Amino acid sequence: MSTRSIRFRLIAWYAGLLTGVFLLLAGFMFLGLRHFLEASLLETQTRRARQIADTLLANVNHTGESYVVGEIPALYAPEINNRFIRITRQDGSVLYASGRPQDQSFDPTGLPALASAPKKELSREEKLPDNKKLLIGALNYEAADGKRYLVEVGAPTASIETMLHQLLVLAAIGLPIVLLVAIGGGYLLVGRALAPVDEIARKAEQITQHNLSERLPVARMADELERLSLSLNHMIARLEDAFSNSTRFAADASHELRTPLTVLRAELESVVADRRVPAEARETFGSMLEEVEHLIRIVEQLFALSRLDAGEAQSEWVPFDLAELVATTADQMSLLAEDKGITVSCDAKQRVTVAGDRARLKQVVVNLLDNAIKYTLDGGTVHLKVTTSNGDAVLEVADSGIGIPPEAVAHVFERFYRVDQARSRNEGGAGLGLAIVKSISTAHGGKVEVESAVGRGSRFRVNLPLARHTTRG
Ligand code: ADP
């Protein structure tokens, strides 16, 4: 997942926000709980001070102070319970003070007496080392005989701190778990939310000039995604219109040019054949005739291409034997090869049935074979082969010709592309032959590739899907 992707950024935001909320909540809970627990601990101490006063000091005139001093350890065991209890007389002398607690958390002798006795009740905190505190509830009590005593009961906050510490540990363990769940959940949720975008992108990749009538899926969610897919579909519709206009224009233009050019050719042919015309003029007309023939070839090729662009009429498709088509075409063109002393061999004995437009597929063979002969030096060889491979019919045209430079290989199927303009033109080529091969192959659901090495030759390979009921002989 890229760090710039929407998925990553959404999850990062989401996880960050969640961490913030979690920390804030944990902080509030921590402080709130500490406040609540401390208040409740203090409340208990004050209550205990009152209890001591009410039960032991109320009748001190009858029981005597020594009774009080003896009863407190028996009733409250402050050292064992880690409590602090101190009773001070009005004159400041101490009646009773508890000893060191068992956990040694504070030193009772070091705790200062109150500067002035509170009117009734008072609570205070004494700081202990290690950031600990002792919470003390104090009560100014008047016994029945009118004597006043200050009763102080205290407890350290250590147990609260331990509990809060455990809470912190729990939060520290919980946070990564919450984060992991959030990230995992976020990943799935964002993935689901973005699935329609993926779908649109996948479909958009498949739309080419050949299937411009197809449309992207529209996510019916009444949101930006639905608007996006609708807008893209409108754009594709406009492109389809523009494309079919330009295809129609090219088809119409080449169609319109054909008739006057054919007339021109016929007239030039008759002038060239006319013995009454001076030889010099006939030569000029002869080269004009060549140019016109070149023009006619280009116009024919453009017409063929624009018809292919406009879409194949599949009604003309029939199943036929590609091997037989290749063998007869090679045979028909062997004269052309013989003129250059090129040997054409053909390995197409096995029946290979494909479904398609026979005339157009013949054009594929003609164009490839014509190129192979054109771009092979005298005395070279051209080999044709028809086989099957992985459910495809494969036609190979290999020559021992001049080859194609590596930088040109990627372009040879482009319209009007010629590796060596002058050479190609001399051979009567306009750079449309391979474009037609590609268009016809694509229209048949196939593809065409080339491997070539300069000076060693080229191998063109056309893959076409086999007809569904292939019979081999
Ligand atoms: P053209 O009609 O000019 O031959 P093509 O579209 O048939 O146009 O081919 C495009 C270019 O590819 C040609 O100009 C030629 O340079 C190169 N080419 C095609 N076939 C071969 C081949 N068999 N060997 C070498 N070069 C080839």
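No other residue among TYR76, TYR96 is assigned by TED's automatic domain parsing to the domain that holds VAL151, farther than 16 Å from LEU150 by Cβ and out of contact with any Asp or Glu (no Cβ under 7 Å at 6 or more places or on another chain) apart from TYR76.
Scanning the stretch 414-442 for residues that are buried (at least 19 other Cβ atoms within 10 Å of the Cβ) and either closer than 21 Å to ASP357 by Cβ or among the basic types (Lys, Arg) (or both) returns ARG418, LEU432, GLY433, LEU434, ALA435, ILE436, VAL437, LYS438, SER439, ILE440, SER441. Among the conditions (1) in contact (Cβ under 8 Å) with a residue 40 or more places away in the chain; (2) surrounded by 14 or more Cβ atoms within 10 Å (Cβ to Cβ); (3) part of a helix (DSSP H, G or I), the only one that LEU56 does not satisfy is (1).
Looking at the stretch 415-438, I want the residues that are in contact (Cβ under 8 Å) with a residue 40 or more places away in the chain and in the same structural domain as ALA372 (by TED's automatic domain parsing) and have a partner that is β-branched (Val, Ile, Thr) and near the ligand (Cβ under 8 Å from one of its atoms) with Cβ atoms under 8 Å, at least 6 apart or on another chain. Which pairs are those? Filtered contacts from the stretch 415-438: LEU434/VAL412. In the stretch 386-419, the qualifying residues are those that are assigned to a strand (DSSP E or B) and within 8 Å of the ligand (Cβ to nearest atom), and the one that is farthest from LEU369 (Cα to Cα) is ASP399. State yes or no: is PRO112 farther than 15 Å from TYR141 by Cβ and in a loop (DSSP other than H, G, I, E, B)? Judged against the criteria, PRO112 is a match.
Could you check, for the stretch 214-229, whether at least one of its residues is part of a helix (DSSP H, G or I), under 22 Å from GLY431 (Cβ atoms) and not aliphatic (A, V, I, L, M)? No, because not a single residue in the stretch 214-229 is part of a helix (DSSP H, G or I), under 22 Å from GLY431 (Cβ atoms) and not aliphatic (A, V, I, L, M). Yes or no: the stretch 368-385 includes at least one residue that is at pLDDT 95 or above, surrounded by fewer than 19 Cβ atoms within 10 Å (Cβ to Cβ), in the same structural domain as ASP357 (by TED's automatic domain parsing) and of a type in the set (S, T, N, Q). Within the stretch 368-385, one or more residues are at pLDDT 95 or above, surrounded by fewer than 19 Cβ atoms within 10 Å (Cβ to Cβ), in the same structural domain as ASP357 (by TED's automatic domain parsing) and of a type in the set (S, T, N, Q).
Can you tell me which residue within the stretch 426-452, out of those that are assigned to a helix (DSSP H, G or I) and touching a His at 6+ places or on another chain (Cβ under 8 Å), is nearest to the ligand (Cβ to nearest atom)? Step by step, filter the stretch 426-452, then rank; the result is THR442. Counting only strands (runs of 3 or more DSSP E) wholly contained in the stretch 309-373, the ones carrying 1 or more residues that are more than 28 Å from ILE404 (Cα to Cα) occupy 318-321, 353-356.
The values are calculated or read from the model by the stated rules, or taken from the named source; none is laboratory data. Given the structure is predicted, the values throughout are model-derived calculations rather than measurements. Cβ sites come from the backbone with ideal geometry, for glycine too, and all protein chains shown count toward neighbours.
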